[in-house]
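A.B. asks: Supplied in structure tokens, the structure appears directly below.
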Amino acid sequence: MLFHKKASEIKVDDRLSHIAFIMDGNGRWAKKRSLPRKAGHKQGAVAFENVVRECNKLGIKTVTVYAFSTENWKRPKEEVDAIIGLLNSYIDKVDKSKDIRFIFLGNKSVLDDGLRNKMESLERETLNCSNILNIAFNYGGRSEIVNAFNELAREGKTDIDENDISTHLYTRASKDPDLIVRTANECRISNFLLWQCAYSEFYFTDTLWPDFDKKELYKAIESFYSRKRNFGGIK
Ligand code: IPE
Ligand code: IPE
Ligand code: MG
């Protein structure tokens, strides 16, 4: 039977060097328990930390998480403030001895100075670490591409090729994701990694993000390894 592997049986190799998560379902998790939506985000932050730790243990070199989209500003201020507060307290307690380079994907310029400075110092302090954790915050795939083109224009670049675009995206330090996981029974991309997902494998699960634990992670990985990736060729 599929999907009952133990941790010791889960082996990750170079085929899965980058895994990305659309962490969805925090609100529904809270609603099910008659709790305020922000309680779902709080539990979602716990799941995030556990999943990142587990990916690191498995030797996955790059992890990307979608934490806040350019469209999420449409939500009530109280909820937005709660999410920003969670990012703030997470940064304060980050363990910098873990060989993880932190990169924030998205437009930081609209965030308050205190938070932006903290994000930028964490990026600087971990610059030479070998694993990457990309946290997409105030991130939108379209705005990322527009930003790349504007940078190229400012550099006076013409005859733009694919590599020029890839190297001007927020994700320039990372390879494209091998696997994109979305929780909470939604099968859409919601403006995430639009350029980078060209040949990513997708894994969708009904599990709500706060319930996404290491067993769920193993299921996603097992599913990934059952896929045949052709990249347009014949194998
Ligand atoms: C994902 O959970 C977290 C963010 C988008 C910040 P949601 O808050 O979207 O949860 P649902 O989709 O309402 O359940
Ligand atoms: C996507 O989830 C954004 C994040 C997980 C941060 P949403 O809940 O915002 O996506 P939609 O609105 O359902 O597409
Ligand atoms: Mg949602």
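A.B. asks: Can you pull out the residues in the stretch 8-27 that are away from ligand 3 (no atom under 16 Å from the Cβ), free of Cβ contacts under 8 Å to residues at least 60 places away in the same chain and either under 19 Å from GLY85 (Cα atoms) or not in a helix (DSSP H, G or I) (or both)?
C.D. replies: LYS11, ASP13 - these are the residues of the stretch 8-27 that are away from ligand 3 (no atom under 16 Å from the Cβ), free of Cβ contacts under 8 Å to residues at least 60 places away in the same chain and either under 19 Å from GLY85 (Cα atoms) or not in a helix (DSSP H, G or I) (or both).
A.B. asks: Could you go through the stretch 153-164 and let me know if any residue there is buried (at least 16 other Cβ atoms within 10 Å of the Cβ) and in contact with an Asp or Glu (Cβ under 8 Å, 6 or more places away or on another chain).
C.D. replies: No, that holds for no residue.
A.B. asks: Within the stretch 191-205, which residues are within 15 Å of ligand 2 (Cβ to nearest atom), under 15 Å from ARG172 (Cα atoms) and surrounded by fewer than 20 Cβ atoms within 10 Å (Cβ to Cβ)?
C.D. replies: LEU194, CYS197
A.B. asks: Applying the selection to the stretch 28-56, what residues are under 20 Å from SER89 (Cβ atoms), of a type outside the set (A, V, I, L, M, F, W, C) and part of a helix (DSSP H, G or I)?
C.D. replies: Taking the stretch 28-56 and keeping what is under 20 Å from SER89 (Cβ atoms), we get 29-30, 35-53.
Going one step further and asking which of them are of a type outside the set (A, V, I, L, M, F, W, C), we end up with 36-38, 40-44, 49-50, 53.
Across the stretch 28-56, the qualifying residues are ARG37, LYS38, GLY40, HIS41, LYS42, GLN43, GLY44, GLU49, ASN50, ARG53.
A.B. asks: Inspect the stretch 90-108 for any residue being more than 16 Å from ligand 3 (Cβ to nearest atom), crowded, with 18+ Cβ neighbours inside 10 Å and either in a loop (DSSP other than H, G, I, E, B) or among the small types (Gly, Ala, Ser) (or both) and give the result as yes or no.
C.D. replies: yes
A.B. asks: For the condition among the basic types (Lys, Arg) and within 15 Å of ligand 1 (Cβ to nearest atom), what is the one hit in LYS31, LYS96, LYS57, LYS61? Let's see the steps before the verdict.
C.D. replies: Values: LYS96 fails: within 15 Å of ligand 1 (Cβ to nearest atom); LYS57 fails: within 15 Å of ligand 1 (Cβ to nearest atom); LYS61 fails: within 15 Å of ligand 1 (Cβ to nearest atom).
So the residue among LYS31, LYS96, LYS57, LYS61 that is among the basic types (Lys, Arg) and within 15 Å of ligand 1 (Cβ to nearest atom) is LYS31.
A.B. asks: Do we find a residue being farther than 30 Å from ARG227 by Cβ and either touching a Phe, Trp or Tyr at 6+ places or on another chain (Cβ under 7 Å) or more than 16 Å from ligand 3 (Cβ to nearest atom) (or both) anywhere in the stretch 47-66?
C.D. replies: First pass over the stretch 47-66, keeping only residues farther than 30 Å from ARG227 by Cβ: none.
No, that holds for no residue.
A.B. asks: Sticking with this one: Pairs, please: C-beta under 8 Å, at least 6 apart or cross-chain, first residue basic (Lys, Arg) and in the stretch 173-191, second more than 16 Å from ligand 2 (Cβ to nearest atom) and modelled with pLDDT of 95 or more?
C.D. replies: LYS175/SER17; LYS175/HIS18; LYS175/THR62
A.B. asks: Additional query: Please go through the stretch 19-66 and pick out each residue that is within 16 Å of ligand 2 (Cβ to nearest atom), within 26 Å of SER8 (Cα to Cα) and among the hydroxyl-bearing types (Ser, Thr, Tyr).
C.D. replies: Answer for the stretch 19-66, where residues must be within 16 Å of ligand 2 (Cβ to nearest atom), within 26 Å of SER8 (Cα to Cα) and among the hydroxyl-bearing types (Ser, Thr, Tyr): just THR64.
A.B. asks: Tell me yes or no: at least one residue of the stretch 144-154 is of a type outside the set (A, V, I, L, M, F, W, C) and touching a residue at least 24 places away in the same chain (Cβ under 8 Å). Even if it seems obvious, please write down each step before you answer.
C.D. replies: Filtering the stretch 144-154 down to residues of a type outside the set (A, V, I, L, M, F, W, C) leaves 144, 147, 150-151, 154.
Keeping just the survivors that are touching a residue at least 24 places away in the same chain (Cβ under 8 Å) gives 144, 147.
Yes, some residue in the stretch 144-154 is of a type outside the set (A, V, I, L, M, F, W, C) and touching a residue at least 24 places away in the same chain (Cβ under 8 Å).
A.B. asks: Of the residues that make up the stretch 77-86, is at least one in a strand (DSSP E or B), at pLDDT 95 or above and more than 10 Å from ligand 1 (Cβ to nearest atom)?
C.D. replies: no
A.B. asks: Let me ask another. Pick from the stretch 148-203 the residues that are of a type in the set (Phe, Trp, Tyr) and within 27 Å of TYR218 (Cα to Cα): which of them is nearest to ligand 1 (Cβ to nearest atom)? Step through it out loud before you land on a result.
C.D. replies: In the first step, residues of the stretch 148-203 are kept if they are of a type in the set (Phe, Trp, Tyr); the result is 149, 170, 192, 195, 199, 202-203.
Of the ones still in play, those that are also within 27 Å of TYR218 (Cα to Cα) are 192, 195, 199, 202-203.
Details: PHE192: 11, TRP195: 21, TYR199: 25, PHE202: 17, TYR203: 17 Å.
Selected residue: PHE192.
A.B. asks: Given the structure, is ALA67 in a strand (DSSP E or B) and small (Gly, Ala, Ser)? Quick ask: steps written out before the conclusion?
C.D. replies: Working: in a strand (DSSP E or B): yes; small (Gly, Ala, Ser): yes.
So ALA67 fits the description; yes.
The values are calculated or read from the model by the stated rules, or taken from the named source; none is laboratory data. This structure is a prediction, so every number in the text was calculated from the model and none was measured. Cβ sites come from the backbone with ideal geometry, for glycine too, and all protein chains shown count toward neighbours.
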